[in-house]
Structure formats: structure tokens, C-alpha cells
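Working notes for the structure below.
The values are calculated or read from the model by the stated rules, or taken from the named source; none is laboratory data. The shown structure was predicted, so the numbers you read here are calculated from the model rather than taken from an experiment. For neighbour counting, all protein chains shown are included, and Cβ atoms are generated from backbone atoms with ideal geometry for every residue, glycine included. These accessible areas exclude ligands, DNA and RNA; they are computed on the full protein's heavy atoms, side chains included. Shrake-Rupley method; radii C 1.70, N 1.55, O 1.52, S 1.80 Å.
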Amino acid sequence: MIEARKGFVPALILASAWLLLGPAPRAGAQDSTAVPPPTPEKQPSVTSTVRYIPEDRDRFEFGAGPVQGFFGILGNVSYRRWLGQGPVFEQSLMLEVSGSAKDQLTEGALGIYLFMRPSFTYKESWRIRPLFEFGPAAHTVVQVASLEGLSRTLYKSEVYVKTHAYAGFEVVLSRKVGFLVRGRISAPSHRPMDYAQAAIFLK
């Protein structure tokens, strides 16, 4: 009994020393309770882009010019709105009211145009710019004829769609005023040119 106690005491001392001085616990055992380091917040990506807007985004045109056909001269008022800039062409929409008269015949027309202008044909810094644009248009034409001696007035209307092309030049006098000279051809048409026009535009 005494010998058993003598052997038990050294074993107890060795076990206590091993617990106190033994190897430290593995790092893996602490992973379950360790707090992971904070991750940096992701910065939101930039999605905005620079959008090109011309100096004459809106403008009015007041013009007149000779025409081929029965009438000798045509007057018109137009409102033009810039729509956007593509890889090659810039697009604009134009609403035009025109009128002409000769003898007892008067004609008025309303046209809506969609124009495409090659952006590489001019620069906004130029005071004199070449003008070339084309596109489809829808027209409504009304003719009013007063029959001499019969006191009667006849009306005739027509709606049609054509493709037009304009060529000429425009001169920018200031940031608000300029003028342009251009000629127009249309398809389908049996004339080489519909009319030539000079106009003043206001931005």
C-alpha cells in the first residue's frame, strides 16, 4: 500500500508538470472563436458617362427661296430639335410650316423631318460649316383655290412621305444667330432639285 502511494506521487507530479509546461494548443483550435479581420468595403463603380450636347440643341429657322413648279417663291418657319449623337451620325427632328401663293392659288404645308447629319463633316468651332443631311419626312399639303367670277373656294389636301437630302453651308454669326443656304433633292421626284433656300436661324 505504501509502495503504491510512493509510485502515485511522482506520476501525479509529472502529469501536473506536463499540463502546465506542455505544448500550447494548436492554432486550429482557436479558429472557431477567432474574429476574422474586417474586409474593406467595395467602392461603387462609376457608371456615369459624359454626354455630348451641342450648342444649338434647339433653334428656329425663318427662310424663303425659289421653288420649281407653279409657285415662284416659298416661305417657311421651322423648329429643329437635336435628338442625339451616334457613332457616325447625329440625329435631329424638324417641324416645318411653309406656304406659297400665286394668283388665286394658295398652298400651305406641314412637314415632320427626321434628319441624319454625319458628325465628321464639321466642327462646332468652325464659323462656316458645310451642311449635308438626309432623312425621311411626312408632309401634309393643303391647296386653296379661289375661282374668279364664281365666288367659290376649292380645297384640296394630300398626305405623302418622301426622303430628302440637303446640301449647302451655314454661317454662325454669334452664339444666338446665324444663317444658312441650302438646296434640296427628294425621292421620289421627277425634278433634280425641289428648291433652294436661304434662312436665318435663332438658337
Let me check something: with ligands and nucleic acids excluded, how do 152, 175, 57, 184 order by accessible area (1.4 Å probe), largest to smallest?
175, 152, 57, 184
List residues of the range 58-81, by number, whose backbone nitrogen lies under 19 Å from a label position 7 Å along Cα→C-beta of residue 103.
67-74
Quote to one decimal, in nm, the extra length available between residue 64 and residue 152 on full extension: 0.36 nm per residue of separation minus the C-alpha distance between them.
28.7 nm
Once Rh for the range 58-115 is found with the Kirkwood sum over Cα pairs, what is the Stokes-Einstein diffusion coefficient at 25 °C and 0.890 mPa s, in µm²/s?
191
Tell me the label-point distance for the pair residue 193, residue 73, using the 7 Å Cα-to-Cβ offset, in nm and rounded to one decimal.
1.8
